[in-house]
Amino acid sequence: MEYDAGLDIGSNSVGFAALDENAHLVRTKSSEVIGVRLFGTAAKAEERRSFRTTRRRLKRRKWRLGLLNEIFSPHLAEVDENFLPRLRQSNLVSSDPLKSGTKSYLFGTNDDHQFRIDNPTIYHLRKKLMEEKHQFDLREVYLAIHHIVKYRGNFLYGTPVSQFKTGELDLQGNFRRLNGLFKQLMPETPFKLNLTHLEKVESILHDDSRQKSDRQRELLKMVYAQSEDKVENNINKEIATNLLKAILGLKVKFDVIFQVKLDKDTSKDWSFSLADADVEDKQNMLFESLDSNQVEIFNILSSLYSSCLLTSILSDGNGGTFETVSDSMIHRYESHKEHLELLKTFEKQLNEKDAHKLKNLYDEYIDGVKGKKIISRGFRKSS
């Protein structure tokens, strides 16, 4: 028997029906051939890719720490054979049956308390190891190096240590080189960066008292040469916007910078921030589709971003800079400690309801709201 089949295919269902030559529903096994099949909506690969990236990052961290333990283990055993086993149990509560031995997990003695007084943060210990000229306990050396290896230098940013480069920003030289590269990339209507007001541009880039998005919007009109042609000017504006986002560590559409036409799904793989923890993997994926000029543009932007980030980390907030990351982090700790004391003093002057609200605001300031950090200006506004 001849029949026509009709399908209605949706994102999470398929409807079907079979009709004979007279447009009547076909019957088979005492039932009309018509119905719908439901199934789960197709999931994008983005979430799976995110999990895969996290697993890869944690695997690399585990490998680094395993290598560190392999190097230190025989030497630590001469000093304290139970030091590494105690550290492995440090995340267990004292009542846990799997936890054995002393409650002191660092030195196995009462020295733990004094150690924490002398070193409120790991950066205090790192600073002492750099500056004080005497032989330290090997366990203290291990703790400092463990922190560096685990967090690749500092815990505030997920950016790999290979992305950090010292030196001046050199906007003049870098912008000139970018103009030359864009002239080769877009020979007919090349995008061009302005080489005037660069001191003001650099000042705004380093102004950490303002949000990155605010700085990006202010800089936009200053950094690119506008065109009289409306279409060309819109293209240049998009390129300049994404160049600034790259330098400031915001999410960037690299297909816009490189003027590559991509479909909607593929373009998502070209959109990321230079501050991402897995930026090296994304960078390598991108390089497979770029020519040498485009790769150089990416490397210049990466260098400018890392220089701005390093300046931000080492800034003392008063126009000066610290010599080391440890100096900067200790200053942040002492500053926060002082402000927290003022906050607690102020809290005692409030009624119970307002005091509770203030505590919640402080929790949000420390932990963020839904995983997103809030800056001090937002905290003051909320309070």
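Listed values, structure above:
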| item | result |
| --- | --- |
| Test for residue 271: is it at pLDDT 90 or above and not aliphatic (A, V, I, L, M) | yes |
| Helices (runs of 4 or more DSSP H) within the range 177-265 that include 1 or more residues assigned by TED's automatic domain parsing to the domain that holds residue 291 and in contact with a Ser or Thr (Cβ under 7 Å, 6 or more places away or on another chain) | 212-223, 230-248, 254-257 |
| Selection within the range 317-344 - in contact with a Phe, Trp or Tyr (Cβ under 6 Å, 6 or more places away or on another chain) and not hydroxyl-bearing (Ser, Thr, Tyr) | 329, 330 |
| Cβ-Cβ under 8 Å pairs, at least 6 apart or on other chains, the range 320-341 side part of a loop (DSSP other than H, G, I, E, B), far side of a type in the set (A, V, I, L, M) | 322/314; 323/314; 324/130; 324/314 |
| Residues (surrounded by fewer than 21 Cβ atoms within 10 Å (Cβ to Cβ) and aliphatic (A, V, I, L, M)) located in the range 240-275 | 250, 256, 260, 262, 275 |
| Flag for residue 65 being in contact with a Ser or Thr (Cβ under 8 Å, 6 or more places away or on another chain), surrounded by 10 or more Cβ atoms within 10 Å (Cβ to Cβ) and at pLDDT 85 or above | no |
| Checking residue 77 against (1) touching a helix residue (DSSP H, G or I) at 6+ places or on another chain (Cβ under 9 Å); (2) at pLDDT below 90, the condition it does not meet | (2) |
| Qualifying residue in the range 290-299 (condition: part of a helix (DSSP H, G or I), farther than 22 Å from residue 250 by Cβ and modelled with pLDDT under 90) | no |
| Of the criteria (1) closer than 25 Å to residue 152 by Cα; (2) part of a helix (DSSP H, G or I); (3) modelled with pLDDT under 85, which one residue 124 fails | (3) |
| Pairs where the first residue, in the range 81-92, is assigned by TED's automatic domain parsing to the domain that holds residue 109 and assigned to a helix (DSSP H, G or I) and the second is among the small types (Gly, Ala, Ser) and surrounded by 15 or more Cβ atoms within 10 Å (Cβ to Cβ), C-beta under 7 Å, 6+ apart | 86/108 |
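The values are calculated or read from the model by the stated rules, or taken from the named source; none is laboratory data. All values reported here derive from a predicted model rather than from experimental measurement. Note: ideal-geometry Cβ built from the backbone for every residue, glycine included; neighbour counts use all protein chains shown.
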